[in-house]
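Each remark here refers to the structure printed beneath this line.
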Amino acid sequence: MAFPYSEKVMDHFMNPRNMGEIADADGVGTVGNPSCGDVMRLYIKVSDGLITDAKFKTFGCGAAIATSSMTTEMVKGKSVEEALQLSNQAVAEALDGLPSAKMHCSVLAEEALRAAIDDFKGKNKEAGKPDVVMDCCIRCEREEPKCDKGKNE
Ligand code: FES
């Protein structure tokens, strides 16, 4: 069945951006769509709370590949917390829309992004690093007495 895809969807499907792996990724998320069997893996690189790089590998339909590609483009340069707000609807809008029968395919990218961020946060926890450096922690470096996680704010 042929779907009426937008030019942007076709462009990202035919020329996917950021396809591949990040060998030393800070977070990796893999999700599958049980209804069609398609799978997406998304890699992120994070520095100072900002996503500096994102790549993906998707075994899926054109809509899944286009939304994966657009998702990686949209999250680069965003903070981890901003990236968590990225919805599949926003990605579909950035692609000038998806046929309603293909909207479910865009959920794959959103969930893979969340999974990659969860993985990043888990890894940071293991390494004993905070998820996000709060303003008060930055100030505490310079001010005495040091507050205890914002208690003296
Ligand atoms: Fe499986 Fe689109 S048909 S993700």
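Readers should treat all values here as calculations from the given coordinates under stated rules, not as data from a laboratory. Given the structure is predicted, the values throughout are model-derived calculations rather than measurements. Positions of Cβ are generated from backbone atoms using ideal geometry, with glycine treated the same way; all protein chains shown enter the neighbour counts.
For the subset of segment 43-53 comprising residues that are touching a residue at least 60 places away in the same chain (Cβ under 8 Å) and on the phi < 0 side of the Ramachandran plot, which member is surrounded by the most Cβ atoms within 10 Å (Cβ to Cβ)? Step by step, filter segment 43-53, then rank; the result is I44. Within segment 21-79, the set of residues being in a helix (DSSP H, G or I), under 11 Å from A112 (Cβ atoms), more than 10 Å from the ligand (Cβ to nearest atom) and small (G, A, S) is empty. Pairs under 9 Å by beta carbon, first residue closer than 17 Å to T71 by Cβ in segment 18-42, partner within 16 Å of the ligand (Cβ to nearest atom) and assigned to a loop (DSSP other than H, G, I, E, B), six or more apart or different chains? Matching pairs, first to second residue: N33/G60; D38/G60; D38/C61; V39/G60; M40/G60.
Taken as a whole, the structure leaves D11 outside the set of residues that are over 12 Å from the mean Cα position of the chain (by Cα), within 19 Å of E82 (Cβ to Cβ) and either within 16 Å of the ligand (Cβ to nearest atom) or among the charged types (D, E, K, R) (or both).
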